[in-house]
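Before any comments, here is the structure.
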């Protein structure tokens, strides 16, 4: 799947960036692709940091749908 500017993404589990889990490579949070050139994607993370990634380092971010859960 080809990612594009405006897509909401997260870092793919198992990549070197996921294993880093630093402020500029955060695990399991949403980011938005701001620029895409060739196979390089520039992402602005929801924690305010930015970084660049190659194709295969990112996947679409799918938030949890809380409407499917019941509270007991």
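Just so it is clear, none of the values below were taken in a lab; they were calculated from the coordinates. Everything numeric here is computed off the predicted structure, so don't read it as measured data. Note: ideal-geometry Cβ built from the backbone for every residue, glycine included; neighbour counts use all protein chains shown.
For residue 16 and residue 46, FRET efficiency with R0 = 22 Å and r from the beta-carbon atoms, rounded to 0.05?
Numbers: r = 21 Å, r/R0 = 0.96.
About 0.55, to the nearest 0.05.
Across the range 12-64, how large is the tail of the calculated P(r) beyond 16 Å, expressed as a percent of all Cα pairs? It would help to have the intermediate numbers written out before the result.
Values: 468 of 1378 pairs.
In whole percent, the long-distance tail amounts to 34.
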